[in-house]
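Chemist: Here it is, the structure, as structure tokens.
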Amino acid sequence: MRSVDDHLAEILATVRTLAPLEVELERSLGTTLAEDVKTPVELPPFDNSAMDGYAVRAADVERAGPDTPVTLPVVEDVAAGDGALYAVGPGLAARIMTGAPMPAGADAVVPVEWTDAGRTSVTISRSAPEGHAIRRAGEDVREGDVVLRAGTLIGAAQLGILAGVGRRRALVRPRPRVVVLSTGAELVEPGLPLGSGQIWDSNSYTLTAAVRESGAEGFRAGVVPDDAAAFLDQLDAQLVRADAVITSGGVSMGAYEPVKEALTPLGTVRFERVAMQPGMPQGFGVVGDDQVPIFALPGNPVSSFVSFMLFVRPALRKMQGLTPDTAMSTVRATTTTGLRSPRGKRSFLRATLGRGPDGGAVVTPVQRQGSHQLAALAAANALVVIPEDVTELPEGVTVDVMPL
Ligand code: AMP
Ligand code: MG
């Protein structure tokens, strides 16, 4: 049997980071930047008011106080977006709005709350020091500054700064397009009635959703019957739009294993027994002229999900130009019950992770640990990772936990 680490290492050595391409700003969410982005101008581009109030010369309001108010004539009204050139002479004020350019000569903004809000003249009852409530040109970034580095995952704020520096397009690594295929003669689409011996296909939904949660684009290509030729036809049809393919089922030791039967003769996909529970049978390799990576996951619903988390998710991150989280970002928690695990396999027990009475992280395995028990997986929020050489753990020890 092959170790989990060796299997993952082979996968990561095989999958390639996707080539960069230019996309429209709106399409960049969830992609990874493939260039350093600089700002063509300083930001803010001009000195402007941070508040609604009055632009003044600080010296003119120096003595303003509740008992010694200062009254100044209001000479202008300056709104945000106003491109005219204004000036405020000594002893004068301009009414100014947030984001409006500072008039020449003014060196402070008195917030409207410190005044009587007058239109033709304003009475000010509190002094504002020089520079008060002014946002200076270049105080966010200077012209030519790098605002985002290559390798940055574009979320809302990153997309915002692309727009904020005037970008219409960006060079990014796209989100991998991942096609998900279920195999199994017993599978029926949810919503249709079950015949005898049939079950509803859940894997294609779970895996497509897991792909999307990982930041890639998931395409659910539906169910293929247990027939190697039909599987190859469907695979062929789907390859045109795939950066990766995930299949579920048909990879173990039984009689109708269409994925194994169809892919083994190609010589580019290997089927292995990986020392893990759940999820022992695993296939991985490349298919088609473009050498598209294919993950042939086992059919049991919990096995395919755990396999996705361990092997597919890190691979998708690499394809996207991100660091594969191979350590699976585990946390440490204390067990509330004793645990058992098979010798020689790394096991991933479905569990609930929470806080104990003293505030420390505690973890409790769910009752049903069968690899077909999807409801138990859905009730769990974590996997307890038990190393290969450990077969039993008492209550109250610290273990590694992968939050889900
Ligand atoms: P297989 O790996 O094809 O031998 O399937 C192993 C087990 O997982 C069988 O009990 C299948 O019925 C079940 N199974 C396979 N594919 C799916 C699926 N897409 N949704 C739910 N259960 C599945
Ligand atoms: Mg099957």
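Chemist: Which trypsin sites (Lys or Arg not before Pro) in the stretch 216-278 sit in a loop by DSSP (not H, G, I, E or B) and have at most 15 other Cβ atoms within 10 Å of their own Cβ?
Modeler: Loop-located and lightly packed - Arg241.
Chemist: What is the distance, in nm, between label points placed 7 Å from the Cα along the Cα-to-Cβ direction at Asp236 and at Asp290?
Modeler: 1.7
Chemist: Now, a different point. Based on the alpha carbon coordinates of the chain, what radius of gyration and maximum Cα-Cα distance (Dmax) apply, in Å?
Modeler: When restricted to the Cα atoms of the chain, Rg and Dmax are 31.0, 95 Å.
Chemist: Could I ask something else about it? May I ask what percent, to the nearest 5, of DSSP beta bridges between residues of the chain are antiparallel?
Modeler: Values: 55 of 82 bridges.
Percentage antiparallel, nearest 5: 65.
Chemist: Highest first, please rank the peptides 13-23, 293-303 by the mean number of other Cβ atoms sitting within 10 Å of their residues.
Modeler: Details: 13-23: 14.6, 293-303: 25.4.
With the highest mean Cβ count within 10 Å placed first, the list reads 293-303, 13-23.
Chemist: Sticking with this one: Along the charge dipole of the stretch 331-403, Cβ charges K/R +1 and D/E -1, which of Gln369, Thr352, Met402 sits furthest on the positive end?
Modeler: So the residue furthest toward the plus end is Gln369.
Chemist: Here's something else I'd like to know. How big is the dipole moment of the chain about its Cα centre under a simple scheme where the beta carbon of each Lys and Arg is +1, that of each Asp and Glu is -1, and everything else is neutral? Debye, nearest 20, please. Spell out each step's value before the answer.
Modeler: Numbers: 36 positive and 47 negative charges, 155 e Å.
About 740 debye.
Chemist: Return, for the Cα atoms of the stretch 48-135, the radius of gyration and Dmax in Å, separated by a comma.
Modeler: My reading of the Cα-based Rg and Dmax gives 11.2, 37 Å.
Chemist: What FRET efficiency comes out for the pair Glu272/Thr71, r = Cβ-Cβ distance, R0 = 51 Å, nearest 0.05?
Modeler: Numbers: r = 85 Å, r/R0 = 1.67.
That gives a FRET efficiency of 0.05.
Chemist: Run the 1.4 Å probe and let me know the accessible area of Tyr205, rounded to the nearest 10 Å².
Modeler: Tyr205 has an accessible surface of roughly 90 Å² with all protein chains in place.
Chemist: If you don't mind, another one. List, largest first, the extents of the alpha carbons of the stretch 108-157 along their principal axes, each in whole Å.
Modeler: Here the spans come out as 53, 23, 18 Å, largest first.
Chemist: Around Ser214, with a cut-off of 12 angstrom between Cβ atoms, what is the net charge of the other residues, counting Lys and Arg +1 and Asp and Glu -1? Spell out each step's value before the answer.
Modeler: Values: positive: Arg175, Arg212, Arg313, Arg317, Lys318; negative: Glu213, Glu217, Asp325.
Residues near Ser214 contribute +2 overall.
Chemist: Sequence-distant or interchain residues sharing an amide H contact under 5 Å with Trp200, placed H: which?
Modeler: Result for Trp200 returns Val188.
Chemist: Moving to a separate point now. According to a simple spin-label model (label point 7 Å from Cα along Cα-to-Cβ), what is the distance in nm between Arg343 and Asp6?
Modeler: Going from the Asp6 label point to the Arg343 one covers 2.0 nm.
Chemist: By a straight-distance test (C-alpha under 19 Å), which aspartates and glutamates pair with Lys260 as possible cross-link partners, with residues fewer than eight away in the same chain excluded?
Modeler: Reachable aspartates and glutamates: Glu10, Glu186, Asp226, Asp227, Asp233, Asp236, Glu272.
Chemist: Let me ask something else. Run the dipole for the stretch 250-404 about the Cα centre, Lys and Arg Cβ at +1, Asp and Glu Cβ at -1, nothing else charged, and hand back the magnitude in debye, nearest 20.
Modeler: Computed about the Cα centre, the dipole is about 180 debye.
Chemist: Between Gly283, Gly370, Gly321, find the one with the highest GNM mean-square fluctuation for the chain; connect C-alpha pairs within less than 10 Å.
Modeler: Between Gly283, Gly370, Gly321, it is Gly370 that shows the largest mean-square fluctuation.
Chemist: Of Phe271, Gly118, Thr208, which is farthest along the charge dipole of the chain in the positive direction, counting Lys and Arg as +1 and Asp and Glu as -1 at C-beta?
Modeler: Phe271
Chemist: If you take the beta carbon distance between Thr352 and Arg212 as r and set R0 to 25 Å, what does 1/(1 + (r/R0)^6) give as a FRET efficiency, to the nearest 0.05?
Modeler: Using R0 = 25 Å, I get an efficiency of 0.55.
Chemist: Pick from Ala382, Ala84, Ala262: which is most flexible by mean-square fluctuation in a GNM of the chain where alpha carbon atoms under 10 Å apart are linked?
Modeler: Its mean-square fluctuation being the largest, the pick is Ala84.
Chemist: Return an integer: the convex hull volume of the alpha-carbon atoms of the stretch 331-403, in Å³ per residue. Display every interim value, and only then the final one.
Modeler: Working: hull volume 5.6 nm³, N = 73.
Cα-based convex hull of the stretch 331-403, divided per residue, equals 77 Å³.
Chemist: Where the convex hull is taken over the Cα atoms of the stretch 170-211, what is its projected area averaged over directions, in nm²? Provide the component values of the computation, followed by the final result.
Modeler: Working: hull surface 15.8 nm².
Projected over every direction and averaged, the Cα hull of the stretch 170-211 covers 3.9 nm².
Chemist: When the convex hull of the C-alpha atoms of the stretch 174-322 is computed, what volume per residue in Å³ does it have? Could you put the intermediate results ahead of the total?
Modeler: Details: hull volume 16.1 nm³, N = 149.
About 108 Å³ per residue, rounded to a whole number.
Chemist: Okay, moving on. Can you tell me the mean projection area, over all orientations, of the convex hull of the stretch 1-84's alpha carbons? Units nm², please.
Modeler: 13.7
Chemist: Pick out, from Gly166, Ser252, Gln198, the residue whose Cα sits farthest towards the positive end of the charge dipole of the chain, with +1 on the Cβ of Lys and Arg and -1 on the Cβ of Asp and Glu.
Modeler: The listed residue farthest towards the positive side: Ser252.
Chemist: Report the Cα centroid-to-centroid distance between the stretch 263-280 and the stretch 1-78 in angstrom, as an integer.
Modeler: 47
Chemist: Give the percent of DSSP beta bridges with both residues in the stretch 48-135 that are antiparallel, rounded to the nearest 5. Provide the component values of the computation, followed by the final result.
Modeler: Values: 15 of 20 bridges.
For the stretch 48-135, the DSSP antiparallel bridge percentage is about 75.
Chemist: Here is a follow-up. Using the C-alpha atoms of the stretch 1-148, what convex hull volume per residue, in cubic angstrom, is computed? Before the final figure, lay out each step's value.
Modeler: Numbers: hull volume 27.2 nm³, N = 148.
Looking at the stretch 1-148, the number lands at 184 Å³ per residue.
Chemist: Per residue, how much accessible area does the stretch 129-267 have with a 1.4 Å probe, in Å²? Walk me through the numbers on the way to the answer.
Modeler: Working: 6850 Å² over 139 residues.
Computed with neighbouring chains in place, this is 49 Å² per residue.
Chemist: Remind me, relative contact order of the chain in percent, using alpha carbon pairs under 8 angstrom and six or more residues apart?
Modeler: On the way: 950 pairs, mean separation 63.4, N = 404.
It rounds to 16 percent for the chain.
Chemist: Ignoring everything except DSSP H segments at least 4 long, calculate the 222 nm mean residue ellipticity for the chain; use -39,500 (n - 2.57) per segment, divide by total residues, nearest 500. Intermediate values should be presented prior to the final figure.
Modeler: Values: 8 runs with 69 residues, N = 404.
Rounded to the nearest 500, it is -4500 deg cm²/dmol.
Chemist: With the full set of protein chains in place, find how many percent of the accessible area of the chain is carbon and sulfur; take the probe as 1.4 Å.
Modeler: About 51 percent, which is the carbon plus sulfur part of the accessible surface.
Chemist: Stretch Tyr205-Ala378 to full length: gain in nm at 0.36 nm per residue minus the Cα-Cα span? It would help to have the intermediate numbers written out before the result.
Modeler: Values: separation 173, 0.36 × 173 = 62.28 nm, distance 1.33 nm.
The Tyr205-Ala378 span can extend by a further 61.0 nm.
Chemist: Next up: Over the chain, with a Gaussian network built from C-alpha contacts below 10 Å, which listed residue (Thr206, Thr364, Thr336) shows the highest mean-square fluctuation?
Modeler: The residue that fluctuates most here is Thr336.
Chemist: With a 1.4 Å probe and every protein chain left in place, tell me how much accessible area Asp325 has, in Å² to the nearest 10.
Modeler: That residue has around 40 Å² of solvent-accessible surface.
The values are calculated or read from the model by the stated rules, or taken from the named source; none is laboratory data. Quantities reported herein were computed from a predicted structural model and do not represent experimental measurements. Here the Cβ is made from the backbone with ideal geometry for all residues, glycine too, and neighbour counts use every protein chain on show. In case anyone asks, the SASA skips ligands and DNA or RNA and just uses the protein heavy atoms, side chains included. Shrake-Rupley method; radii C 1.70, N 1.55, O 1.52, S 1.80 Å.
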